[in-house]
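The values are calculated or read from the model by the stated rules, or taken from the named source; none is laboratory data. Keep in mind it's a predicted model, so treat the numbers as computed, not measured. All Cβ positions, even for glycine, are placed from backbone atoms using ideal geometry, and neighbour counts span all protein chains on display.
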Amino acid sequence: MAADRHLYRVTGGEPLRGAVQVAGAKNSVTKLLVATLLTTEPCVLSRVPRIVEVQIVLDMLAELGTHVEWLDEHTVRVATPTVVNPSLSEVYSGVNRIPILMMGPLLHRVGETVVPLPGGCRIGKRPVDFHLSGLRAMGAEITEQLRSVRVKALGLKAAHIELPFPSVGATENLLLAAVLAQGTTVISNAAVEPEIIDLIMFLQQMGALVDVRVDRTIVVQGVSRLRGARHAPIPDRIEAASFAAAAVATNGRVEVVGAVQEHMTTFLNHLRKLGGEFEVTEHGLAFHRARDLSAVHVQTDVHPGCMTDWQQPLTVLLTQANGASVIHETIYEDRFGYTRQLADMGANVILSTDCLGGKPCRFASRDFEHSAVVLGRTPLTGGDLEIPDLRAGFAYLLAALIARGDSTISGTRFVERGYEDPVGKLASIGALIQTTPAAP
């Protein structure tokens, strides 16, 4: 990934007030762009965030032969009448997890592809075994190489696939492969996150036949072709929660325009239990603090549980809550590394390899520090912070906003992977934040 273009300088202590517009969901938009490979016809997506991650995916598509045209600031038209290059360059190896999702669409278009192995934030191993075993069950021949995967198939066929864990990425991959496969594919123990449903809505507009059942089963009846479609992706529930946490942490009031209550139910419950409050407005959700913050127990889980990407802003928020809070991370085994720099600011966070949640998880007795006890309330002091990954990035911004004094934040490229204009949005609601050029 490229080096930082600039640093953030933040002076803490100011309550945030005003309204901020939430962007389209990064975790939906990037997958919708991959889905456009399934048709030769143009597709138009609106509410597309102008972030680094989206541009990387557009660059990948362009390498394959996709024509990309921005119709306005947040509306993009993409069309791939012909796949001119069936494989992605290894330059994308380790950049993010999008290339692995292109296997199904490229097999349908050209019958063979080589895609680089995925990467992304340093938050755990995130293996692709479920992806590959599912595609093998559908008839793909797969050769794993050092930095890439070679896949070929004369034609994908339907299969009954039971996922060992309701993986979002594996569910997306199998959906993208199944919609044009011969026969009816059944995906059991599938992920059903709002971003998955958004992808299904887009595929349905394109002509796919997809049925989501109540027991985490997705049934896909393959069709012979898909057409172009127009779609507005769902708002980003991670960004919405980030600004909600900032409003409560700074004792301000922020309306998050575009936030959807249905997509944030579990987060809203946790926020209310610890002392925050929200109101449904004409344009979204407004957040503020209702009382002194108090300790809560949080366990991340697959949807409809508490989203793992909500864990970091909640952790920072809980440093300002009275009492001992417990956070049990059950999705990724290594997502608490960012708390060490919070400790340097004054936070009291104790990591544990035990399952401190209500039930043992798949990381039990495996020596992963996947639980945390947050002892509060602890005043935070500004300092020099280096962001290690995307979600930790906004957590550090949040910590700097409530800290005494000034903070300098590097690693800002990680935040800009997933948040559109974070400095401008925060400044618009009263944050004392500015950018300065990074050292060459």
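See the values below:
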item	result
Helices (runs of 4 or more DSSP H) contained in the range 194-287 and holding at least 1 residues closer than 17 Å to residue 429 by Cβ, in the same structural domain as residue 322 (by TED's automatic domain parsing) and in contact (Cβ under 8 Å) with a residue 12 or more places away in the chain	237-249
Subset of the range 166-181 that is more than 18 Å from the chain's Cα centre (by Cα) and part of a loop (DSSP other than H, G, I, E, B) - its residue that is nearest to residue 198 (Cα to Cα)	179
Checking residue 395 against (1) surrounded by 16 or more Cβ atoms within 10 Å (Cβ to Cβ); (2) hydrophobic (A, V, I, L, M, F, W, C); (3) over 30 Å from residue 74 (Cβ atoms), the condition it does not meet	(3)
Filtered residue count, the range 7-42, keeping only those that are of a type outside the set (Val, Ile, Thr) and within 18 Å of residue 53 (Cβ to Cβ)	11
So residue 237, is it basic (Lys, Arg) and more than 22 Å from the chain's Cα centre (by Cα)	no
Some residue of the range 366-382 being in a helix (DSSP H, G or I) and assigned by TED's automatic domain parsing to the domain that holds residue 263	no
Out of 147, 136, sole residue that is without any contact (Cβ under 8 Å) to a residue 12 or more places away in the chain and either touching a Phe, Trp or Tyr at 6+ places or on another chain (Cβ under 7 Å) or among the basic types (Lys, Arg) (or both)	136
Only one of 362, 391 that is within 17 Å of residue 331 (Cβ to Cβ), part of a helix (DSSP H, G or I) and at pLDDT below 95	391
Whichever residue in the range 394-421 is farther than 16 Å from residue 11 by Cα and in a loop (DSSP other than H, G, I, E, B) and, among such residues, is nearest to the chain's Cα centre (by Cα)	419
Residue list for the range 135-159, filter: among the small types (Gly, Ala, Ser), modelled with pLDDT under 95 and out of contact with any Gly (no Cβ under 8 Å at 6 or more places or on another chain)	148
Which numbered condition residue 51 misses (of (1) in contact (Cβ under 8 Å) with a residue 40 or more places away in the chain; (2) touching a Leu at 6+ places or on another chain (Cβ under 6 Å))	(2)
Residues that are outside any loop (DSSP other than H, G, I, E, B) and more than 17 Å from residue 363 (Cβ to Cβ), drawn from the range 333-349	340, 341, 342, 343, 344, 345, 348, 349
